[in-house]
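Let me begin by presenting the structure, written as structure tokens, before commenting on it.
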């Protein structure tokens, strides 16, 4: 029997769950073939399965030493580092594995899972995006991306992904549990309860599902049912915190003295709704209260920054976006919005740096190109500005603000026909866009169409009157 036959026997033993027997065979192979990278790799896998993490790292490292382009060894060593909390080393291994095999679904998923642990939710979403482009019918990738969206505060995106995961694999209890949380955060309690029930039906020892269902029952005021679920969760997982209530009286005290689980997400979502409805003060109050419960949530700072930006509290908005960036240095949207504020405050160099960073982090962020184009216009870099506006509209063709900005630049460059085409399209998409009417009035006046220009000014005044009436 050859050494390679022994290796294959060891692989077969490992697949059947006998990792100890597999290691014995791999040791024999290595004794005869000490430079056989595949033997070290497979022994590393068996050691990882047994929890022998130090030995696994040594084995994967030897495999890489012998075969420097051993993609699977990098990815598996990264998994061991991740398990041990060596996150920088894990990220380095995953990135090297992706560099060696840029079409590796596994590589992107591994890095995405690490980014989830690092609370880099936007980075995790991007990695799972890549994985799903490579393998569009991979239910776990939809599950993981859905969880990333959930952590990012985008509950509806999470629900969409979790729906896709369930369609591909309807027997996964974790997916129902996470979708139940997403429904909980959007205050769809009926569907939330259905999903927690289904998660428990699929796995009657799923402590997280009992705990989450208890949160929902408490929110609904069903304290007896909540108490029952908390007790089951505690029995299944004795390591749960001692503060978990053991009696109905304790439960009611906890609910009175502490925020309900998921409260910060509910506050954030209500803040989003209030901001959409124009209740800026209410939105700011909700975001601030959410941050009291969860002070390390970058997306909540970002949301509060957007409202401060909307009501022209620029310095406060800049502080919020900066804090979001501190908590998540790969938060492209926060860089983009801080860049917009810096431009408004006259710090064009700082604004340009922020927008360059936003685009480096997310080359598909159309708004960043629009904002950077405006800065290039201010700096009289018209060619660069046009390239940015073109790219923004390539990414999102029907964006009224980008169309209007390009119209302004085309007018400045004496391209009257192009300027009118862009501003007309902007107004077709957004008929209540005052800046676009002002822009078109200037183009029409310059082109000798005084009646058209006056008509546009009248429309602007009418829109301002409507806004004043609503405000009063």
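The values are calculated or read from the model by the stated rules, or taken from the named source; none is laboratory data. What you are looking at is a predicted structure, and each value in this text was computed from that prediction instead of being measured. For neighbour counting, all protein chains shown are included, and Cβ atoms are generated from backbone atoms with ideal geometry for every residue, glycine included.
Structure notes:
Yes or no, residue by residue, for (1) surrounded by fewer than 23 Cβ atoms within 10 Å (Cβ to Cβ); (2) in a loop (DSSP other than H, G, I, E, B); (3) without any contact (Cβ under 8 Å) to a residue 40 or more places away in the chain:
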| position | (1), (2), (3) |
| --- | --- |
| 296 | yes, yes, no |
| 305 | no, no, yes |
| 315 | yes, no, yes |
| 318 | yes, no, yes |
| 324 | no, no, yes |
| 330 | yes, yes, no |
| 335 | no, no, yes |
| 338 | no, no, yes |
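- Only one entry in 27, 35 is in contact (Cβ under 8 Å) with a residue 12 or more places away in the chain and assigned to a helix (DSSP H, G or I), namely 27.
- Put simply, of 166, 159, 200 the only residue that is part of a helix (DSSP H, G or I), in contact with a helix residue (DSSP H, G or I) (Cβ under 7 Å, 6 or more places away or on another chain) and within 25 Å of residue 297 (Cα to Cα) is 159.
- A single member of 253, 268 is part of a helix (DSSP H, G or I), surrounded by 15 or more Cβ atoms within 10 Å (Cβ to Cβ) and modelled with pLDDT under 80, and it is 268.
- Odd one out for residue 110 among (1) within 30 Å of residue 54 (Cα to Cα); (2) surrounded by fewer than 24 Cβ atoms within 10 Å (Cβ to Cβ): (2)
- Scope region 212-250; condition at pLDDT 75 or above, touching a helix residue (DSSP H, G or I) at 6+ places or on another chain (Cβ under 9 Å) and assigned to a loop (DSSP other than H, G, I, E, B); matching residues: 220, 222
- Hits in region 409-444 - residues which are closer than 17 Å to residue 375 by Cβ and in contact with a helix residue (DSSP H, G or I) (Cβ under 6 Å, 6 or more places away or on another chain): 409
- Tally of residues being in a helix (DSSP H, G or I) and surrounded by fewer than 24 Cβ atoms within 10 Å (Cβ to Cβ) across region 126-142: 8
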